């Protein structure tokens, strides 16, 4: 059953999966099933966590500008953190389009009076409901954590095929693994870097290559794309205490299990998976 429906008017080839980076971190455009989606847009300015003295970051390469976004029917925000839920960007996007989000992202967006009227929730993947846009169906993968940090995943489905987007990694439990059974998982998009902070500041923020491969194998994915991997300019306490391990594309490629491909996007050039 579908709980929400957008127009789904974006002109894409329905069976071809179109992917384009919008920044070098974790903002994406997905075109599939006749619909276009913008994921986690941070396209202008810096992002600040708590306060500038704590953490402020900037892109190393200018993102795609909001005016130059590919055609899209909706904006999806998967996390409540400011590098995903970036209010400054969300306020300048097309105000006629809906904003969909995970539970914590919805709570954050609804605190902004300019965004609140457009905000709707993405159904949980285990609820039996989806958000339908054309022939594309969206639902959230919920880690069921009660305390922060809480990192969600996104499931996109089209005619028996699927894409899993998990910018901070994700561990499938038995119920979610069963939910994915029978789907041809074309692609997993997950972080391959390891980013660790002291426990009081969030602990392991990005769980690294091994976790990305575990997720991809658990999904039976045909391919993996690295995301949330930009080496951003930063200042503040977080930069001083973070421990980062960034595998090279060749190291990721060599770690791929037989039958799984590592796909690397080149800048902002679109990628097509037929």
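Observations on the model:
- Most fluctuating residue given options 191, 78, 204, as computed from a GNM of the chain linking Cα atoms under 10 Å: 204
- Convex hull volume per residue for the stretch 14-157, taking Cα atoms only, in Å³: 112
- Per-residue ellipticity at 222 nm computed for the chain from its helices equals -4000 deg cm²/dmol, with DSSP H segments shorter than 4 residues left out and the rest contributing -39,500 (n - 2.57).
- Shape of the stretch 138-274, Cα gyration tensor, a/c cut at 1.5: oblate
- Pairwise FRET efficiency - residue 44 versus residue 114, Cβ, R0 = 22 Å, nearest 0.05: 0.90
- Within a Gaussian network of the chain (alpha carbon springs, distance under 10 Å), most fluctuating of 120, 239, 254: 254
- Residue of 113, 143, 95 that the Gaussian network model of the chain assigns the largest fluctuation, springs spanning Cα pairs under 10 Å: 113
- Neighbour-count ranking [beta-carbon atoms within 10 angstrom, fewest first] of 262, 170: 262, 170
Values quoted throughout were computed directly from the atomic coordinates according to the rules given, and no laboratory measurement underlies them. Owing to the predicted nature of the structure, the values given are computational and were not obtained by experimental measurement. Note that each Cβ is placed from the backbone with ideal geometry, even for glycine, and that neighbours are counted across all protein chains shown.
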